[in-house]
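Before anything else, here's the structure in question.
The values are calculated or read from the model by the stated rules, or taken from the named source; none is laboratory data. Bear in mind the structure is a predicted one, so any value in this text is a computation, not a measurement. Cβ: placed from backbone, ideal geometry, glycine included. Neighbour counts: every protein chain shown.
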Amino acid sequence: MSDEDEKWQRRLERERSARQTAERLLEEKSLELYLANQELRTFAAHLESEVDDRTAQLRRALSERELLLKEVHHRVKNNLQIIASLLGMQTDVHSATPLREVLLDSIYRVRAMALIHEQLYSRDDLSSIELGAYTESLARTLVGALEPRADLKLDTELITVPIGTALPCGLILNEVIANALKHGRSADGRCRLLITVLARDADLVVSVVDDGPGLREPWGKGANRSLGTRIIQALARQLRARIQTSEGPGFRFEMRLRVDTSTEIETVG
């Protein structure tokens with residue numbers, strides 16, 4: 001064999017050895033990648049199982065919390081109804097005194113609050129109520145108690161408000177509607193009410209209109225600054241609401257509530 005042939009032979013052997021080394025390294029790296037992939041798959045499956053377990057735990061905790069909140073609202077409603085019943089018993093004792101009217105007004109306020117918790121108990125969303133439905137239920141309850149012959153008309157939209165807004169709104173509505181039923185009779189002795197709950201841009205607009213004789217003095221002044229008026233004014237300040245009243249003929253009460261960081265309006269539908 002010539003020198004040239006020996007050189008080619010050695011060159012081929014070096015290339016064969018290098019190729020074998022490269023193939024061995026490739027096999028080793030492939031095995032490492034396979035094992036790493038298997039380990040990753042195992043970890044991903046374990047992580048997915050952990051996530052599923054944690055999600056199930058959170059769902060159970062949320063369900064238990066919702067049940068607990070429902071029970072709280074149910075018990076608050078029942079307790080408020082007991083308070084209303086006790087006040088009702090007091091009205092029987094004071095049936096022939098001016099105190100009876102005061103007790104009845106207190107009963108209506110307590111029932112207005114109880115109605116909030118009753119609606120919350122019946123909703124899936126325990127943090128808000130549908131204000132239009134609440135207003136209708138409250139108005140019909142007051143009509144039945146104070147003036148069953150009243151002509152009641154309602155114009156409401158499907159508007160949900162948080163409980164922090166619903167409770168003061170409900171108490172304000174209770175005062176205004178009850179006052180209209182007591183004093184808003186027209187010359188023919190009939191009581192006609194129009195109640196609206198509407199969303200206008202960023203405002204919640206609530207109004208109560210009757211066709212009675214109106215007020216002798218400006219609303220909230222002089223003889224018209226009753227306990228009910230003071231309650232309305234205090235709650236309106238709490239809500240940062242704007243109140244407007246007008247007369248002729250009848251009396252119109254309107255409250256506009258601007259949406260801000262603490263008050264949200266969600267129109268359904």
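From 139, 133, 112, grab the single residue that is under 15 Å from the mean Cα position of the chain (by Cα) and modelled with pLDDT of 90 or more.
Residue meeting the stated conditions: 133.
Hey, can you tell me all the residues within segment 211-269 that are at pLDDT below 75, part of a loop (DSSP other than H, G, I, E, B) and of a type in the set (D, E, K, R)?
216, 217, 221, 225, 264
Looking at segment 64-98 only, could you name the residues that are within 17 Å of residue 120 (Cβ to Cβ) and either polar (S, T, N, Q) or not in a helix (DSSP H, G or I) (or both)?
78, 79, 81
Could you check segment 137-154 and list, in sequence order, the residues that are within 14 Å of residue 118 (Cα to Cα) and touching a residue at least 24 places away in the same chain (Cβ under 8 Å)?
138, 141
While we're looking at this one, here's another question. Which of the strands (runs of 3 or more DSSP E) found entirely inside segment 109-186 contain at least 2 residues meeting this: surrounded by 21 or more Cβ atoms within 10 Å (Cβ to Cβ)?
Strands (runs of 3 or more DSSP E) meeting the threshold: 128-130, 159-162.
Within segment 9-18, is even one residue in a helix (DSSP H, G or I), free of Cβ contacts under 8 Å to residues at least 60 places away in the same chain and of a type in the set (Asp, Glu)?
First, pick out the residues of segment 9-18 that are in a helix (DSSP H, G or I): 9-18.
Going one step further and asking which of them are free of Cβ contacts under 8 Å to residues at least 60 places away in the same chain, we end up with 9-18.
Retained after the next criterion (residues that are of a type in the set (Asp, Glu)): 13, 15.
The answer is yes; a qualifying residue exists.
Considering each of 57, 38, 90, 81 in turn, give the residue that is within 35 Å of the chain's Cα centre (by Cα), modelled with pLDDT of 85 or more and farther than 19 Å from residue 171 by Cα.
Going through 57, 38, 90, 81 in turn, the sole match is 90.
Go through (1) within 27 Å of residue 127 (Cβ to Cβ); (2) without any contact (Cβ under 8 Å) to a residue 12 or more places away in the chain; (3) of a type in the set (A, V, I, L, M) for residue 26 and report which single condition fails.
With (1) within 27 Å of residue 127 (Cβ to Cβ); (2) without any contact (Cβ under 8 Å) to a residue 12 or more places away in the chain; (3) of a type in the set (A, V, I, L, M) applied to residue 26, the lone miss is (1).
Sticking with this structure for a sec: Residue 45 is checked against (1) exposed (fewer than 10 other Cβ atoms within 10 Å of the Cβ); (2) among the hydrophobic types (A, V, I, L, M, F, W, C); (3) farther than 30 Å from residue 138 by Cβ and fails just one. What number does that condition carry?
Of (1) exposed (fewer than 10 other Cβ atoms within 10 Å of the Cβ); (2) among the hydrophobic types (A, V, I, L, M, F, W, C); (3) farther than 30 Å from residue 138 by Cβ, only one is false for residue 45: (1).
Turning to a different aspect of this structure: Determine, yes or no, whether residue 72 is out of contact with any helix residue (DSSP H, G or I) (no Cβ under 8 Å at 6 or more places or on another chain), over 30 Å from residue 189 (Cβ atoms) and surrounded by 14 or more Cβ atoms within 10 Å (Cβ to Cβ).
Taking the combined requirement at face value, the residue satisfies it.
When segment 48-101 is examined, which residues are found to be among the hydroxyl-bearing types (Ser, Thr, Tyr) and closer than 20 Å to residue 141 by Cβ?
85, 91
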